Amino acid sequence: MAQTNLSAKKYVLSTALVTSLALTPVFAGSVFANAGAGASEGDIPASESNLPNATEQEETSPSVGLIQRGDVSSAVEDLQEELQDQGYYTYNIDGIFGPITEEAVREYQADQDLQVDGIVGPNTKDALAVQNENSDEELNIVEKDEDENTSESGDIQSDIVAAAESVVGTPYVWGGTTTDGMDSSGFINYVFDQVDIDISRTHSEMWENDGVHVDSPEVGDVVFFEGTYDTEGASHSGIYIGDGQMIHAGNDGVSVADFTIDYWQDHYIGAKSFTE
């Protein structure tokens with residue numbers, strides 16, 4: 001399988017960014033979720049998550065001409081490259097406008113004294129274009145130099161995150177592995193089935209048999225926990241999406257959670273990559 005490590009690259013975009021931004025539909029918003037007995041302190045409400053409520057966005061802002069959370073396009077890729085070049089985005093250039101990209105946009109907007117809403121509209125586009133013109137005067141444009149393995153690795157990690165984000169809000173159903181309802185290991189199985197990777201059914205079997213152990217999780221890796229309920233070995237897992245957050249299936253369904261809080265760190269036993 002493809003390597004997960006991506007070479008760091010620098011991109012400087014032309015002013016064509018302004019006219020290249022396009023839209024695709026947003027996906028459902030996040031909800032509260034638990035990860036077994038006592039796990040409620042690990043939950044993130046929509047108001048605190050990097051995945052804001054999609055319905056509210058649709059009601060309060062026109063979609064035409066904007067680029068925002070949920071979009072998957074070359075325009076998002078261009079945006080990520082520009083934000084990366086200016087030091088706001090440090091993750092994969094994958095064309096997926098998820099929580100990490102939105103946080104980078106918010107930080108950029110705050111520094112530019114723009115409305116901090118995580119949505120790239122005319123004002124944010126104009127600011128990016130002006131800074132890009134200034135950058136072009138000082139720096140040479142560096143062409144992309146991605147080999148086949150690096151490109152494939154980035155694609156599959158992006159697909160994993162996209163599959164996980166696509167089912168946020170799915171209810172918890174014991175033994176479930178479909179969009180009608182999922183349990184915690186069923187969620188992991190569903191996501192990797194979408195990218196044609198076969199894994200074991202239970203958390204403990206995944207931890208023992210699948211993928212390779214990694215020292216620290218990268219985007220698309222699976223983070224494992226033990227002792228979240230009374231069972232031997234790994235008892236829960238989630239998909240790491242970067243920025244200290246993961247997506248998992250808890251008692252209240254599939255949602256985003258803060259991986260860095262004490263509850264999860266106290267039960268954390270390690271991470272694995274299923275793409276190697």
**Prompt:** Ranked highest first by average number of other Cβ atoms within 10 Å, how do 194-203, 157-166 line up?
**Reply:** 157-166, 194-203
**Request:** Treat the count of other C-beta atoms within 10 Å as a stand-in for reagent exposure and order Ser74, Ser184 from fewest to most.
**Result:** Ser74, Ser184
**For Asp78, Asp126, order by how many other beta-carbon atoms lie within 10 Å, fewest first** = Asp126, Asp78
**Message:** Give me the percent relative contact order of the range 171-231, please, defined on Cα pairs under 8 angstrom at least 6 residues apart.
**Reply:** 17 percent
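About its Cα centre, what dipole magnitude does the range 149-273 give when the only charges are +1 on Lys and Arg Cβ and -1 on Asp and Glu Cβ, stated in debye to the nearest 20?
140 debye
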**Request:** Just order 222-234, 95-107, 204-216, 246-258 by mean Cβ neighbour count inside 10 Å, highest at the front, would you?
**Result:** 246-258, 95-107, 222-234, 204-216
**Request:** Would you mind ranking Asp262, Asp117 so that the residue whose beta carbon has the fewest other beta carbons within 10 Å leads the list?
**Result:** Asp262, Asp117
**Prompt:** Restricting attention to the alpha-carbon atoms of the range 149-273, what are Rg (one decimal) and Dmax (integer), both in Å?
**Reply:** 13.2, 41
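Computed from the coordinates by the stated procedures, all read-outs in this text should not be read as laboratory data. The structure displayed is predicted, hence computed values, not measured ones. Here Cβ is always computed from backbone atoms with ideal geometry, including for glycine, and neighbour counts include all displayed protein chains.
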